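*Asks:* My structure is below; once you've seen it, I'll send some questions.
The values are calculated or read from the model by the stated rules, or taken from the named source; none is laboratory data. None of these values were measured; they are calculated from a predicted model. Here the Cβ positions follow ideal geometry from the backbone for every residue, glycine too, while neighbour counts run over all protein chains shown. SASA here: full protein model, heavy atoms, side chains in, ligands and nucleic acids out. Shrake-Rupley method; radii C 1.70, N 1.55, O 1.52, S 1.80 Å.
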Amino acid sequence: MPMQNVRTTPIDGQKPGTSGLRKKTAVFKRPHFLENYVQSIFDGIGGVEGKDLVVGGDGRFFNDDAIQIILRMAAANGAAKCIVGQGGILSTPAASHLIRLRKASGGLILSASHNPGGPDADFGLKYNGPNGGPASESVTDKIFACTTKIDFYKIIASDNIDLDQIGTQRLSDMTVEIVDPVADYAALMKTIVDFDKISALFAGGFTMCFDAMHAVTGPYATAILEGELGAPAGTVINGTPSPDFGGGHPDPNPIWAKDLMDRMYSKAAPDFGVASDGDGDRNMIVGKGAYVTPSDSLALLTAKAHLAPAYKDGLAGVARSMPTSRAVDRVAASLGIDCFETPTGWKFFGNLLDAGKVTLCGEESAGTGSDHVREKDGLWAVLLWLNILAETGKSVADLMADLWAEHGRCYYSRLDYEDVDSDKAAAMMDKLRGKLASLGGTSVHGLTVEAADEFAYLDPVDGSESKGQGIRIAFEGGARAVFRLSGTGTQGATIRIYLEQLETDPARLQETPEAMLETVRTTALGLSDLTAMTGRTEPDVIT
Ligand code: VG1
Ligand code: CO
């Protein structure tokens, strides 16, 4: 098949963010945009000649076409084999598992995750390395450097591969193996949680609603929950992946999964409600009338993981991203295990997991995961929760009440201000940064600042340092405010303000987050001067 070296020039703005490169779909479809980035990935990782790669995505608009281009480029660059999920589908955790299982050199995951999909929405592409995890900053820096120097890319001319046909095909000298996207992942889950116990729970009449949000987890959840574990048909809703996620926003939080929230707070609520995001790595957990914040979910899983077979001997340690609440720190301290604080983004957990320093990790943005893969894993979290519910026989609300009684409750909320003028957002952060050195010990709106800094992370495994990872201000009495700019948005800047307040008084563990966070919210808005600096009065999303 004819191989072409296509001349190109660097395209601005191909710097990977928190999780790969995310842009408007129309930008990804511009001439050479995808091709430049794919060639830069290949060059940035030292070429793909003779290598095996895993390729798959969340099924959003442009997924199939982009996969055909990637396969033609992988063949032209001399890759030995591409392992592709049937229909081009692989959830992010399933892709991570497949890379590890097949000892592939890495993988290309096509997704903009929780961002909406469609011709007018978002697309994304991410490279994961041989450990199955998102490329580290040193690798993404190399990829970015290649995007600024590229002058040609390699591609073969060929017909499209049939992505629906399981089995092996040839593309020039490269093998393309189309695999069932669910089977290997489901087999892995069986080695982690107790399928018999969970089956018995469902057989006993336990009810559940899994909102797949028209995204990639639908086939996985249907096969495992309804197929293997005997949950009644209809347990999974919105279970067929659609290119534009049914016109929705596949972000599992109380705002975007509102239908599920309404159901869980109604008289007809099932025992357990969950949702997952576009690419299947996030999860939302809600019991009857009991929403569980992702930070609390991480704390609960840490406290109870030993009830599942894979973690019966306890956890090596845990890790949370910096803005995630400190609830898990309290549980870890009581268990006598290490708790690491990392920058936002799963790529920072990889080294800790590879080195065996942590078993569980999580983020406030609805991601939890363990050492079974190197990505966060929405369905895994749901199964671990089910295992814990089955073993304890308690409700979600009771489990949380027990956790708070023992460790105190970290009331928590995140305010997102989206599509803010980028210069104004940067100016707000700069001004706040300028105040940090003089804040310690001062009293602001009735709260006394205990510590204030800009978070920098020194990786304890490879010694690499990541600076500028968000501003954190801790107050006496267990309150904290964190400020950072999103690295996944595709329009303007998104300012995230994370608020936290610890409460240990047994009489104040069932208050509303709004009431308990009012003081720290006023203080955070005052300190950042957000309204004056950006013109914004209300956040777009509060979770
Ligand atoms: C957000 C979340 C972060 C998460 C990232 C990718 O990043 O805050 O915790 O790791 O999305 O998640 P940012 O930079 O926008 O705050 V996913 O499920 O979109 O891959
Ligand atoms: Co995601």
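*Asks:* State whether one or more residues within region 252-261 are under 17 Å from Ala381 (Cα atoms), surrounded by fewer than 24 Cβ atoms within 10 Å (Cβ to Cβ), in contact with a Gly (Cβ under 8 Å, 6 or more places away or on another chain) and touching a residue at least 12 places away in the same chain (Cβ under 8 Å).
*Replies:* no
*Asks:* Any residue at all in region 210-224 that's open to solvent by 10 Å² or more (accessible area, probe 1.4 Å) and free of Cβ contacts under 8 Å to residues at least 24 places away in the same chain?
*Replies:* Scanning region 210-224 turns up at least one residue that is open to solvent by 10 Å² or more (accessible area, probe 1.4 Å) and free of Cβ contacts under 8 Å to residues at least 24 places away in the same chain.
*Asks:* Taking Asp173 as meeting all but one of (1) in contact with a helix residue (DSSP H, G or I) (Cβ under 9 Å, 6 or more places away or on another chain); (2) of a type outside the set (Val, Ile, Thr); (3) open to solvent by 50 Å² or more (accessible area, probe 1.4 Å); (4) over 19 Å from Ala74 (Cα atoms), write down the number of the exception.
*Replies:* So the condition that Asp173 fails would be (4).
*Asks:* Restricting to region 499-511, count the residues that are in contact with a strand residue (DSSP E or B) (Cβ under 9 Å, 6 or more places away or on another chain) and either open to solvent by less than 70 Å² (accessible area, probe 1.4 Å) or not β-branched (Val, Ile, Thr) (or both).
*Replies:* Of all residues in region 499-511, those in contact with a strand residue (DSSP E or B) (Cβ under 9 Å, 6 or more places away or on another chain) come to 499-504, 508-511.
Filter again for either open to solvent by less than 70 Å² (accessible area, probe 1.4 Å) or not β-branched (Val, Ile, Thr) (or both), leaving 499-503, 508-511.
Qualifying residue count for the region: 9.
*Asks:* Which numbered condition in (1) in contact (Cβ under 8 Å) with a residue 60 or more places away in the chain; (2) in a helix (DSSP H, G or I); (3) closer than 30 Å to Gly492 by Cβ is the only one that Asp423 fails?
*Replies:* Only one criterion is unmet by Asp423, namely (1).
*Asks:* Does at least one position in region 294-301 carry a residue that is touching a residue at least 40 places away in the same chain (Cβ under 8 Å), away from ligand 1 (no atom under 13 Å from the Cβ) and open to solvent by 10 Å² or more (accessible area, probe 1.4 Å)?
*Replies:* Filtering region 294-301 for residues touching a residue at least 40 places away in the same chain (Cβ under 8 Å) gives 294-301.
So of that shortlist, the ones also away from ligand 1 (no atom under 13 Å from the Cβ) come out as 296-297, 299-301.
This time we only want the ones that are open to solvent by 10 Å² or more (accessible area, probe 1.4 Å), so: none.
No; the residues of region 294-301 include none that is touching a residue at least 40 places away in the same chain (Cβ under 8 Å), away from ligand 1 (no atom under 13 Å from the Cβ) and open to solvent by 10 Å² or more (accessible area, probe 1.4 Å).
*Asks:* Same structure again: Starting from region 333-347, take each residue that is under 30 Å from Ala112 (Cα atoms) and list its partners that are more than 16 Å from ligand 1 (Cβ to nearest atom) and not aliphatic (A, V, I, L, M), counting only C-beta distances under 6 angstrom and pairs at least six apart or across chains.
*Replies:* From residues that are under 30 Å from Ala112 (Cα atoms), the pairs are Cys339/Asp329.
*Asks:* Could you tell me which residue of region 4-24 is nearest to ligand 2 (Cβ to nearest atom), considering only residues that are open to solvent by 50 Å² or more (accessible area, probe 1.4 Å) and farther than 22 Å from Thr490 by Cα?
*Replies:* The residue in question is Thr9.
*Asks:* Could you please find all residues in region 514-534 being surrounded by fewer than 18 Cβ atoms within 10 Å (Cβ to Cβ), part of a helix (DSSP H, G or I) and not aliphatic (A, V, I, L, M)?
*Replies:* Glu514, Glu518, Thr519, Thr522, Gly526, Thr531
*Asks:* Across region 92-123, which residue is surrounded by the fewest Cβ atoms within 10 Å (Cβ to Cβ) among those that are closer than 25 Å to Gln14 by Cβ and more than 16 Å from ligand 2 (Cβ to nearest atom)?
*Replies:* We begin by selecting, within region 92-123, every residue closer than 25 Å to Gln14 by Cβ; these are 92, 95-96, 99, 104-123.
Keeping just the survivors that are more than 16 Å from ligand 2 (Cβ to nearest atom) gives 99, 104-106, 118-120.
Values: Ile99: 28, Ala104: 23, Ser105: 19, Gly106: 22, Gly118: 16, Pro119: 13, Asp120: 11.
Applying the filter and picking the extreme gives Asp120.
*Asks:* When Arg414 is evaluated against the numbered criteria (1) outside any strand (DSSP E or B); (2) within 30 Å of Gln469 (Cβ to Cβ), which criterion, by number, is the only one it fails?
*Replies:* Result: Arg414 passes all but (1).
*Asks:* Would you mind stating whether Thr537 is open to solvent by 30 Å² or more (accessible area, probe 1.4 Å) and part of a loop (DSSP other than H, G, I, E, B)?
*Replies:* Details: open to solvent by 30 Å² or more (accessible area, probe 1.4 Å): yes; part of a loop (DSSP other than H, G, I, E, B): yes.
For Thr537, the condition - open to solvent by 30 Å² or more (accessible area, probe 1.4 Å) and part of a loop (DSSP other than H, G, I, E, B) - is met.
*Asks:* Where residues in region 460-473 are surrounded by fewer than 19 Cβ atoms within 10 Å (Cβ to Cβ) and on the phi < 0 side of the Ramachandran plot, which of them is nearest to the chain's Cα centre (by Cα)?
*Replies:* Within region 460-473, the subset surrounded by fewer than 19 Cβ atoms within 10 Å (Cβ to Cβ) is 460-468.
Imposing the further condition that a residue be on the phi < 0 side of the Ramachandran plot reduces the set to 460-462, 464-467.
Working: Pro460: 22, Val461: 22, Asp462: 23, Ser464: 22, Glu465: 22, Ser466: 19, Lys467: 21 Å.
My answer is Ser466.
*Asks:* Separate question: With closer than 28 Å to Thr293 by Cα, buried (at least 16 other Cβ atoms within 10 Å of the Cβ) and within 16 Å of ligand 1 (Cβ to nearest atom) as the only criterion, which of Arg414, Arg480, Arg409 stands out?
*Replies:* Working: Arg480 fails: within 16 Å of ligand 1 (Cβ to nearest atom); Arg409 fails: within 16 Å of ligand 1 (Cβ to nearest atom).
Unique residue meeting the criteria: Arg414.
*Asks:* A further question follows. For region 359-369, which residues satisfy the criterion of being within 16 Å of ligand 1 (Cβ to nearest atom) and under 14 Å from Tyr311 (Cα atoms)?
*Replies:* Applying the first criterion (within 16 Å of ligand 1 (Cβ to nearest atom)) to region 359-369 yields 360-369.
Scanning region 359-369 gives Leu360, Cys361, Gly369.
*Asks:* Restricted to region 483-493, and to residues that are within 11 Å of ligand 1 (Cβ to nearest atom) and open to solvent by less than 20 Å² (accessible area, probe 1.4 Å), which residue is nearest to Gly20 (Cα to Cα)? Please lay out each step first, then the result.
*Replies:* Within region 483-493, the subset within 11 Å of ligand 1 (Cβ to nearest atom) is 484-490, 493.
From the residues that got through so far, the ones that are open to solvent by less than 20 Å² (accessible area, probe 1.4 Å) too are 488, 493.
Values: Thr488: 8, Ala493: 17 Å.
It comes out as Thr488.
*Asks:* Please determine, by comparing only the residues of region 126-147 that are over 14 Å from the mean Cα position of the chain (by Cα), open to solvent by less than 20 Å² (accessible area, probe 1.4 Å) and not small (Gly, Ala, Ser), which one is farthest from ligand 1 (Cβ to nearest atom).
*Replies:* Thr147
*Asks:* Those residues that are within 20 Å of Ser295 (Cβ to Cβ) and either in a loop (DSSP other than H, G, I, E, B) or within 16 Å of ligand 2 (Cβ to nearest atom) (or both), I need them from region 380-393; list them, please.
*Replies:* Trp380, Ala381, Val382
*Asks:* A further question follows. Would you mind finding the one in Ile45, Ile89 that is open to solvent by less than 30 Å² (accessible area, probe 1.4 Å) and touching a residue at least 12 places away in the same chain (Cβ under 8 Å)?
*Replies:* Values: Ile45 fails: open to solvent by less than 30 Å² (accessible area, probe 1.4 Å).
From the options Ile45, Ile89, the qualifying one is Ile89.
*Asks:* In addition: If we scan region 222-241, do we find a residue that is touching a strand residue (DSSP E or B) at 6+ places or on another chain (Cβ under 7 Å) and among the small types (Gly, Ala, Ser)? Explain how you work it out, then say what you get.
*Replies:* Within region 222-241, the subset touching a strand residue (DSSP E or B) at 6+ places or on another chain (Cβ under 7 Å) is 222, 225-226, 231, 235-238, 241.
Still in the running and among the small types (Gly, Ala, Ser): 231.
Yes, region 222-241 contains at least one residue that is touching a strand residue (DSSP E or B) at 6+ places or on another chain (Cβ under 7 Å) and among the small types (Gly, Ala, Ser).
*Asks:* Right, something else. Could you list, in sequence order, all residues of region 441-477 that are in contact (Cβ under 8 Å) with a residue 60 or more places away in the chain, within 16 Å of ligand 1 (Cβ to nearest atom) and not in a strand (DSSP E or B)? Can you show your working first?
*Replies:* Here is the first cut: in region 441-477, the residues in contact (Cβ under 8 Å) with a residue 60 or more places away in the chain are 444-447, 455, 457, 459-462, 464, 466, 469-470, 472.
With within 16 Å of ligand 1 (Cβ to nearest atom) added as a condition, the list becomes 455, 457, 466, 469-470, 472.
Once the filter is applied, which keeps residues that are in contact (Cβ under 8 Å) with a residue 60 or more places away in the chain, within 16 Å of ligand 1 (Cβ to nearest atom) and not in a strand (DSSP E or B), region 441-477 yields Phe455, Gln469, Gly470.
*Asks:* Residues being open to solvent by less than 20 Å² (accessible area, probe 1.4 Å), of a type outside the set (Val, Ile, Thr) and under 21 Å from Tyr291 (Cα atoms): count how many of those fall in region 231-251.
*Replies:* 2
*Asks:* May I pose another question? Within region 508-517, is there a residue that is in contact with a helix residue (DSSP H, G or I) (Cβ under 6 Å, 6 or more places away or on another chain) and within 13 Å of ligand 1 (Cβ to nearest atom)?
*Replies:* Going through region 508-517, the residues in contact with a helix residue (DSSP H, G or I) (Cβ under 6 Å, 6 or more places away or on another chain) turn out to be 509.
Retained after the next criterion (residues that are within 13 Å of ligand 1 (Cβ to nearest atom)): none.
Taking every residue of region 508-517 in turn, none turns out to be in contact with a helix residue (DSSP H, G or I) (Cβ under 6 Å, 6 or more places away or on another chain) and within 13 Å of ligand 1 (Cβ to nearest atom).
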